[in-house]
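Worksheet for the structure shown next.
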Amino acid sequence: MTNEQKALASGTVPVLRAHGVALTTYFYNRMLTHNPELKHVFNSANQHNGAQPTALAMSVLAYAEHIENPEVLMQAVNRIGHKHVSLDIRPEQYAIVGKHLLASISEVLGEAASPELIDAWAAAYGQLAAIMTGVEAELYSASANKEGGWSSWRPFIVKEKVKESAEITSFYLYPSDGGKVADFLPGQFITVRLFVPELQVLQPRQYSISCAPNGQYYRISVKREHGTEDRPAGYISNMLHNQIQVGDVLEVAAPAGDFTLDLNSDAPAVFISGGVGLTPFMSMLEYMTQSRKDRPVTWIHGSRGYEVHAFRDRVIELGSQHGAMNIHNFYDKLDAQTGENYFEGFVDLEKVKDAIVPGAEYYICGPGVFIKKHFDYLRAQGIQAESIHFEEFGPAILVVE
């Protein structure tokens, strides 16, 4: 990019801040109208509730703000790259996205979108696409070259289906070809793809792997999403709960994700989760217990109540095997079935303040507001930002500093 083009692109920052979501919403509508085959790639629920356009708007804004030095965004680029690889997004699709993004900028901005500005954004997008496809090529290669690894989609058989709570059910997935499955880093996820008759499209969903690496199977633990006024019921989660049975075959993409346990660290680990956000921590905890590492663990989890609290007995069992673990649970309302170390109300780190110590590594998983609350609390206690790791389910729209 020329200096003039960089200046033109960065000059759109105020517009992107004010109207970015409107622009990206228009873009997705335009692209999916002209290229309906891409409906098989994108989560329809995230389109409906605006999460996907918001995530894209924030990404475009961040790129425009750092157009002079995009290397500072490499952590975010790497995270997006993992998401793209899990959805089997390929370089040729970037040309389609670029075509509709530039057309959307021109059509939404109207006369303000001069030929020079469109040329500048074409150069900017080309630069970003080159960065993204380079990162993704490395991820695809690394995945395919692992023992038991693969690229794109692979059929897996559901060999066990286990109810973990009133809302969460685990699925044990084995490769239908009888081969091995690739190892993964505790905390990573896999993508499951099913055909949804109501939509007449394939729909992918990412689910954290909830077991330790074992070379034979993956376990995902899925919450049934009933839906609210703001969000429709989950197509895939309800199909998995209601329709998929032992013996059925699912299409699965290889493990991905950068929210992972540091396997080389001996620092105390503090896991903070809400609801189904505990699933990546089950993988981490099982790995730490099986590897016999005496790394201290603090488990802090929030659920609405006893009946919806998944893995409650398994965590206690792992805690006793681990030998250096403290468990704290928060329920909206306590009942007679709860015991020691249970608190009433939402997760409140102030009530377990002794677990907040310098030098520990903190892992947070749950909704965006949950993450933001606890990230801010930890920072106020003097915990360095680089010691706080978080995973927001769905498109990444959370910004914390």
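Nothing in this text is a laboratory measurement; each read-out follows from the coordinates by a stated rule. Everything numeric in this text was worked out from a predicted model, so none of it was measured. Glycine gets a Cβ as well: all are built from the backbone with ideal geometry, and neighbour counts include every protein chain shown.
Miscellaneous remarks
- The length gained by stretching the chain between Asp332 and Asn264 to full extension, at 0.36 nm per residue less their Cα-Cα distance, is 20.9 nm.
- Farthest towards the positive end of the charge dipole of the chain, among the residues Tyr331, Met1, Leu23, is the Cα of Tyr331, using unit charges on the Cβ of Lys, Arg, Asp and Glu.
- The slack in the chain from Lys293 to Ala76, taken as 0.36 nm per residue of separation less the alpha-carbon distance, amounts to 75.1 nm.
- The stretch 171-209 residues near the modelled Glu317 label - backbone nitrogen below 17 Å, point 7 Å along Cα→Cβ: 171-172
- For Gln216 and Glu107, the FRET efficiency from 1/(1 + (r/R0)^6), where r spans their Cβ atoms and R0 equals 51 Å, is about 0.50.
- The overall shape of the stretch 177-316 is oblate: from the C-alpha gyration tensor, with semi-axes ordered a ≥ b ≥ c, the ratio a/c is 1.5 or greater and a/b is no larger than b/c.
- Under the combined filter of DSSP loop state and at most 15 neighbouring Cβ atoms within 10 Å, the stretch 138-207 retains these GluC sites (Glu not before Pro): Glu147, Glu198.
- Given 11 as the ceiling on other Cβ atoms within 10 Å, longest exposed-site-free region of the chain for trypsin sites (Lys or Arg not before Pro) in DSSP loops: 1-291
- Estimated [θ] at 222 nm from DSSP helical runs (n ≥ 4, -39500 (n - 2.57)) normalised by residues in the chain, nearest 500: -12500 deg cm²/dmol
- FRET E, pair Glu68, Lys372, Förster distance 41 Å, beta-carbon r, rounded to 0.05: 0.90
- The chain - charge dipole about Cα centre, Lys and Arg +1 at Cβ, Asp and Glu -1, debye rounded to 20: 660
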